[in-house]
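Notes follow the structure.
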Ligand code: NDP
C-alpha cells in the first residue's frame, strides 16, 4: 500500500486536469496534526472555462457507451475502490482528520454501494417509457417519454464527506451519460483527485470527469459553465448558487444545512435511544448534515436518558486517529467550525445551560473538541437553533409529544429527524408530523444509506434530492417523442381549410368525449 505522502505527491505531480502549474496553490492541512500534506492548484475562472470545453467535447463519446458500457466502468470502479480501500481511507483521514471507522463505514461503505447501485438501477430509472394517451387524435402513434443526459454537470462538494458527499454525486451524473466537473472543498480536495485517477484506471475516457480544485471563486465560475449544478454545503452559499443558476436558467439541486431533532417518547427503549443519540451526534465529530443535533425527551424518561447519554459520551476517546479502533471522535476538519462550536457552547452556558461532560477544546497539536452534553437548554440558545456541526448534544426536557413536535418544527431547517417509541405506530404518526425530508423511527440517519429512497431537505435544508429515481433523473432532461406510422393520412381532420362541417363534427366529438358528466 502506498503511504499517504506518496499518494499525495503522486496525485499532485503535475497539476490535475491539465491546469497550469502557476495556477496558485492551496495548502491541504491534516486537521488532526496541523501538518500540510499537499498543495493543490487554485483554478481560475478561465481554467474552469477550458475544463468545461474539454468536458463538453468528451461527453458525446461517453453517452454513446450506452448504459451497459457506462455500467461496466462503474462496476470496475466499485472493485477498484474495494481493492484500494485502505489507500482511499488514508487519504480521507489525512485531509479530514476523521477516524478510520468514520471513513470506512460512512464513505467507503457508501461509495462501494453507490457504484453498484447506479450501475444496476440507472438503466431502469432512465428507461424509455411507452405512454398510453387518452388523447383520441394520437391513437396509433408511438408515444415515448425518455431521459437524455443534460451534457455537462457541475458538482460542488463540502469538506465533511469528501467521498460520499462530493464524489458520490458524480456517480449517478456519470451513469446518466454526462461529463462532470467536480469542485471539491478547498479543505479536502485529495480524495476527489485520487478517485478521478481510479476511474481513469477503470476505463473512464479522458475529460469525462475532471476535478476543479480551488476556492469559492472556482465554484462560482463552475456554475457559469455547466448545464446543471449539484451543490452540497451551507444554506448561505447554497442561496448564492441557486441565484446564479436561476440567472442562467439551469437546474440546481441543493443539499444544505440541518439541525436534526430527535424526539424520545416516554415509552421508548431508553438504552437504544441513548446509544443512537450518542453515536449519531458524535459520529464524524458531529460534522454531518443529517445527524442528531438536538434532543427533546418526555419528562418521565428524561433523567434516565440524560444519565445514560452522559455516561456513554464521557467514555468516548477523542484525538488523532491512529488506525482502526484508536479513537471514537476525530478532528474538526474546517478551521472556522471550531469557533462556531465554542461559540454555541459558550452562548448556551451564558444563558443558563449546564455542561454535563466535555465543553472545551481538546488539547493536542490538531483541532479537536471534547464530546459535549448540554442540558437546561432552550430555544433562546444557538445550540438549539443554529447548525453547530460539532460533537455536542443539547438535550431538552418536554412535557409531551406535542411540545416535542412543536419545538422540532421550530427551525428554518428540515433535513432529518428521528423519533423513539416502543409504539411504532405512534412513533410513525409523530415522524409524519415533523417537517423534515427524512424521519426515522427508533433509528437515525439510516435512510441515507437506502439509495432507493429520496434524500433531500425540507425548508432551508435544500431543493431536490439525491438517491432514488429522482437522484439520477435530475441529471437528465425529459424528452417527449411522438412517432406517427408511415401509413398515416395525408393530413389531420382539424387542419386547413377550416370548414363548418368538420368544425361541427369536432365539436360533437369533444362533447361526446368530455361533456357527458361521467365522472361527476
Ligand atoms: P460552503 O457552503 O461555503 O462551501 C461548500 C462548497 O461550496 C465548497 O466547495 C466551497 O468552496 C464552495 N463555494 C463557496 N462559495 C461558493 C460560491 N460563491 N459559489 C459556488 N461554490 C462556492 O460551506 P463551508 O465549507 O464554508 O462550511 C460552512 C458551513 O456549512 C459549515 O459550518 C456547516 O455548518 C455547513 N456545512 C453543511 C454541509 C452539509 O452537508 N449540508 C457540509 C459542510 C458544511 P470552498 O470550500 O473552497 O470555499
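How big, in percent, is the set of alpha carbon pairs in the chain lying more than 40 Å apart?
On the way: 40991 of 134940 pairs.
Across the chain, Cα pairs with separations above 40 Å total 30 percent.
What are the semi-axes of the equivalent ellipsoid for the stretch 400-512, taken as the square roots of 5 times the Cα gyration tensor eigenvalues, largest first, in whole Å?
Details: eigenvalues 556, 78, 37 Å².
Equivalent-ellipsoid dimensions as semi-axes: 53, 20, 14 Å.
Please give the helix 335-350 orientation as an angle from the longest Cα principal axis of the chain, in degrees from 0 to 90, rounded to the nearest 10.
60 degrees
Packing-wise, with mean Cβ within 10 Å as the measure, how do 223-236, 60-73, 148-161 rank, highest first? Working shown, then result.
Details: 223-236: 21.6, 60-73: 15.8, 148-161: 24.6.
Most protected by this proxy first, the peptides run 148-161, 223-236, 60-73.
Determine the relative contact order of the stretch 260-452: mean sequence separation of Cα pairs under 8 Å and six or more apart, normalised by residue count, in whole percent. Don't skip to the end; give the middle numbers.
On the way: 404 pairs, mean separation 54.9, N = 193.
Over the stretch 260-452, the number comes to 28 percent.
Report relative contact order for the chain in percent, whole number only (criteria: Cα-Cα under 8 Å, sequence separation at least 6).
On the way: 1132 pairs, mean separation 87.8, N = 520.
Normalised by residue count, the contact order of the chain is 17 percent.
By average Cβ neighbour count within 10 Å, what is the ranking of 89-97, 342-350, 409-417 from highest down?
Numbers: 89-97: 26.7, 342-350: 18.0, 409-417: 23.2.
So the peptides 89-97, 342-350, 409-417, ranked by packing, come out 89-97, 409-417, 342-350.
Which percent, nearest 5, of DSSP beta bridges in the stretch 260-452 are antiparallel? Don't skip to the end; give the middle numbers.
Details: 5 of 24 bridges.
About 20 percent, rounded to the nearest 5.
Express as a percent, rounded to the nearest 5, the fraction of DSSP beta bridges in the stretch 89-241 (both residues included) that run antiparallel.
On the way: 2 of 14 bridges.
If we restrict to bridges inside the stretch 89-241, about 15 percent are antiparallel.
Against the longest principal axis of the chain, how steep is helix 235-248, in degrees 0 to 90 to the nearest 10, with axes from Cα atoms?
20 degrees
Can you give the Rg/Rh ratio of the stretch 320-431, where Rg is from the C-alpha atoms and Rh is the Kirkwood radius? It would help to have the intermediate numbers written out before the result.
Values: Rg = 16.2 Å, Rh = 15.8 Å.
Checking Rg against Rh, the ratio lands at 1.02.
Test of understanding: ordering 279, 475 by Cβ neighbours within 10 Å, fewest first, what list do you get? Walk me through the intermediate numbers first.
Working: 279 16, 475 29.
Fewest-to-most Cβ neighbours within 10 Å comes out as 279, 475.
Could you list 187, 181 so that the one with the fewest beta carbons within 10 Å of its beta carbon is first and the one with the most is last?
Values: 187 20, 181 26.
Lowest to highest Cβ neighbour count: 187, 181.
Please give the helix 85-96 orientation as an angle from the longest Cα principal axis of the chain, in degrees from 0 to 90, rounded to the nearest 10.
So the inclination is approximately 70 degrees.
One quarter of the convex hull surface, Cα atoms only: what value does that give for the stretch 260-452 in nm²?
Working: hull surface 42.5 nm².
Directional mean of the projected Cα hull area for the stretch 260-452 stands at 10.6 nm².
When the helices in the chain are scored as -39500 (n - 2.57) per DSSP H run of 4 or longer and the sum is shared across all residues, what 222 nm value do you end up with, to the nearest 500 deg cm²/dmol?
Details: 18 runs with 206 residues, N = 520.
It lands at -12000 deg cm²/dmol.
Highest mean first, how do 425-436, 133-144 rank when packing is the count of other Cβ atoms within 10 Å averaged over residues? Mind dumping the intermediate values first?
Details: 425-436: 17.3, 133-144: 11.1.
Sorting 425-436, 133-144 by mean packing, highest first, produces 425-436, 133-144.
Give the Rg/Rh ratio for the stretch 231-348, taking Rg as the radius of gyration of the Cα atoms and Rh as the Kirkwood radius, to two decimals. Walk me through the numbers before you get to the answer.
Working: Rg = 17.9 Å, Rh = 16.8 Å.
With Rg and the Kirkwood Rh in hand, the quotient comes to 1.07.
Among bridges DSSP assigns within the chain, what percent are antiparallel (round to 5)?
Details: 25 of 60 bridges.
Among the beta bridges of the chain, antiparallel pairing accounts for roughly 40 percent.
Values quoted throughout were computed directly from the atomic coordinates according to the rules given, and no laboratory measurement underlies them. It should be emphasised that the depicted structure is a prediction, and the values quoted were computed from it without experimental measurement. Using ideal geometry, Cβ is built from the backbone for each residue, glycine included, and neighbour counts are taken over all protein chains shown.
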